[in-house]
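Okay, so here's the structure we're looking at.
The values are calculated or read from the model by the stated rules, or taken from the named source; none is laboratory data. It should be emphasised that the depicted structure is a prediction, and the values quoted were computed from it without experimental measurement. When we count neighbours, we look across all protein chains shown, and the Cβ atoms used for this are built from the backbone with ideal geometry, even at glycine. Side chains included, ligands, DNA and RNA excluded: accessible areas come from the protein's heavy atoms. Shrake-Rupley method; radii C 1.70, N 1.55, O 1.52, S 1.80 Å.
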Amino acid sequence: MTTAEEEVRSYPFGPITRLDLDPTLVELCGEQPVLRVRLPFGGDGWLVTRHADVRTVLADPRFSRAAAVGDHVPRTVAVGLPRTSMLSMDPPEHTRLRRRVMNAFSVRRLKALRPRIQEIVHELLDAMVATGAPADLTTALTWPLPITVICEMLGVPLADRERFSEWVDGLLMLADPEQAARARAQLDEYLAGLIAQRRVTPTDDLLGELVAEDDEDDPLSEEELIGLGVSLLSAGQEATANQIGNFVYTLLTRPALWQQLSADPALVPKAVEELLRFIPNSATAGFTRVATEDVELSGQLIRAGDAVVAELGMANHDAEVFERPDEIDFQRERVPHVTFGHGLHHCLGAQLARLELRVVLEILIDRMPGLRLAVPADQLSWRTERLVRGVAALPVSW
């Protein structure tokens, strides 16, 4: 066992470049997979990067999310999640809320949703084709699709989706606490209005179901209902929208991979899992957890009360788990990536995201096998200072 006494370095170590892992991160954590760092907000914590250690931090009850609530806690984001968010809870509170929404993402429901997602994708591509090439795929497809799907599921009027996109985008700003707090307040206020409407006039959408299913013996508070709505919206829009754009960018900048999928569409499910592994979707380590007792990870002692953050992108490139981790291989038989988390807080919407990603790739390679970038890759612009990585615009021709 060792204790780290060396100089504490500020994390992140350098600017985020496209979809690349930070080379300083790779170098430092290759030598020391549990590294003491100074986080952007709140002070020092431990950065965990090895696949096995990341899974432990995400799943072991000795690492608490509830203990990480508060502005004083070291963290990577400007504004931490409120105590009423399901993502800020430990059992039994977390179990109680998660149980309320699990049915919305059941296999049966998602199977029934697939035709509607296909319909939306075709409608969006029809409009793009009618406008003509070149076209920005992010504007035409990658952003409208997820927000349309999650708005329809929750029962949010589609006329409000542009405001929702702005609020969620602001909520996930890394370095602007005022904007993040303002966006959260606006989103909370809007959702409170929708919930109030459903208390008067019941609906059959997900938000209406959550209100209608309010158990008299175990009612959901207004804050809990709002927190569920915010969690579902942010996960259902921002992460998926960026993943779609990043997937297409990665495939079009590696034409052999695009041609491989076009020649064998049956590879799409495997391709989705491999791209989920390969592409570091988050711009920084995830939500903080706090050790509730002393724990050893890779020979490093984490003491009770210490803050810990997990680098999912690094874990997904762990050579002890993935052979040739820096190569994209659609033939991998086992891809135990942690992109959607692991354990108790494994992303509820993971299967919905997978469904949208599969449908998009299936339809694109069928309708537009000649899809290509309309500008050189080095001329593309990228979204910065946000929790989720993504290409800002993706001009394409077909």
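Pairs please, first residue from segment 380-394 and in a loop (DSSP other than H, G, I, E, B), second anywhere and among the aromatic types (Phe, Trp, Tyr), Cβ atoms under 7 Å, 6+ apart in sequence or on different chains.
Final answer for the pair search is ALA392/TRP382; LEU394/TYR249.
When both residues are 6+ apart or on different chains and their Cβ atoms are under 7 Å apart, which pairs have a first residue that lies in segment 97-123 and is within 20 Å of GLU209 (Cβ to Cβ), and a second that is open to solvent by 50 Å² or more (accessible area, probe 1.4 Å) and not basic (Lys, Arg)?
Pairs that qualify, where the first residue is within 20 Å of GLU209 (Cβ to Cβ) and the partner is open to solvent by 50 Å² or more (accessible area, probe 1.4 Å) and not basic (Lys, Arg), are ARG100/GLU213; PHE105/GLN351; LEU110/GLN351.
Conditions first: (1) assigned to a loop (DSSP other than H, G, I, E, B); (2) modelled with pLDDT of 95 or more; (3) more than 26 Å from THR138 (Cα to Cα). MET314 passes all but one, so which condition is the exception?
Condition (1) is where MET314 drops out.
(1) more than 29 Å from VAL391 (Cβ to Cβ); (2) of a type outside the set (Phe, Trp, Tyr); (3) in contact with a strand residue (DSSP E or B) (Cβ under 9 Å, 6 or more places away or on another chain): which one isn't true of ALA180, the others all being true?
(1)
Consider only pairs whose beta carbons are under 6 Å apart and that are at least six residues apart or on different chains; among these, list those whose first residue lies in segment 11-28 and is closer than 14 Å to LEU312 by Cβ and whose second residue is aromatic (Phe, Trp, Tyr).
Listed by first residue and then by second, the contacts come to ASP22/PHE13; LEU25/PHE13.
Only residues that are within 20 Å of ASP20 (Cα to Cα) and in contact with a Phe, Trp or Tyr (Cβ under 9 Å, 6 or more places away or on another chain): list them for segment 362-392, please.
LEU373, ALA377, LEU380, ARG389, GLY390, VAL391, ALA392
Can you name the residue in segment 211-254 that is without any contact (Cβ under 8 Å) to a residue 60 or more places away in the chain and open to solvent by 10 Å² or more (accessible area, probe 1.4 Å) and, of all such residues, is farthest from ARG198 (Cα to Cα)?
Applying the filter and picking the extreme gives ASP217.
Identify all residues within segment 3-19 that are open to solvent by 80 Å² or more (accessible area, probe 1.4 Å) and modelled with pLDDT under 90; write none if there are none. Working first, answer last.
Taking segment 3-19 as the starting set, the residues that turn out to be open to solvent by 80 Å² or more (accessible area, probe 1.4 Å) are 3, 5-7, 9, 15.
Of everything in segment 3-19, those that are open to solvent by 80 Å² or more (accessible area, probe 1.4 Å) and modelled with pLDDT under 90 turn out to be THR3, GLU5, GLU6, GLU7, PRO15.
Which of the residues spanning segment 30-62 are closer than 23 Å to THR95 by Cα and open to solvent by 10 Å² or more (accessible area, probe 1.4 Å)? Talk me through it step by step, then tell me what you get.
Here is the first cut: in segment 30-62, the ones closer than 23 Å to THR95 by Cα are 54-62.
Passing the criteria: ARG55, THR56, LEU58, ALA59, ASP60, PRO61, ARG62.
Looking at VAL101 and the list (1) open to solvent by less than 40 Å² (accessible area, probe 1.4 Å); (2) under 22 Å from ILE244 (Cα atoms); (3) among the hydrophobic types (A, V, I, L, M, F, W, C), which single condition is not satisfied?
(2)
Conditions first: (1) out of contact with any helix residue (DSSP H, G or I) (no Cβ under 7 Å at 6 or more places or on another chain); (2) at pLDDT 95 or above; (3) open to solvent by less than 40 Å² (accessible area, probe 1.4 Å). THR138 passes all but one, so which condition is the exception?
Of (1) out of contact with any helix residue (DSSP H, G or I) (no Cβ under 7 Å at 6 or more places or on another chain); (2) at pLDDT 95 or above; (3) open to solvent by less than 40 Å² (accessible area, probe 1.4 Å), only one is false for THR138: (1).
Every residue, every condition in (1) surrounded by fewer than 18 Cβ atoms within 10 Å (Cβ to Cβ); (2) on the phi > 0 side of the Ramachandran plot; (3) among the aromatic types (Phe, Trp, Tyr); (4) not in a loop (DSSP other than H, G, I, E, B), yes or no:
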site: LEU301; (1), (2), (3), (4): yes, no, no, yes
site: PHE322; (1), (2), (3), (4): no, no, yes, no
site: LEU355; (1), (2), (3), (4): no, no, no, yes
site: ILE365; (1), (2), (3), (4): no, no, no, yes
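Got at least one residue in segment 50-71 being under 23 Å from the mean Cα position of the chain (by Cα), at pLDDT below 95 and among the charged types (D, E, K, R)?
Yes, there is a match, as at least one residue in segment 50-71 is under 23 Å from the mean Cα position of the chain (by Cα), at pLDDT below 95 and among the charged types (D, E, K, R).
Please note which helices (runs of 4 or more DSSP H) are completely contained in segment 198-279 and include at least 2 residues that are aromatic (Phe, Trp, Tyr) and at negative phi.
Numbers: elements: 206-212, 222-234, 240-252, 255-263, 268-278.
Output list reads 240-252.
Hey, any hits in segment 159-181 for a residue that's outside any helix (DSSP H, G or I), open to solvent by 60 Å² or more (accessible area, probe 1.4 Å) and at pLDDT 85 or above? Quick ask: steps written out before the conclusion?
Filtering segment 159-181 down to residues outside any helix (DSSP H, G or I) leaves 172-176.
Adding the requirement that they be open to solvent by 60 Å² or more (accessible area, probe 1.4 Å) leaves 175.
Restricting the remaining residues to those that are at pLDDT 85 or above gives none.
No: zero hits.
Hey, can you tell me all the residues within segment 10-41 that are more than 23 Å from the chain's Cα centre (by Cα) and among the small types (Gly, Ala, Ser)?
SER10, GLY30
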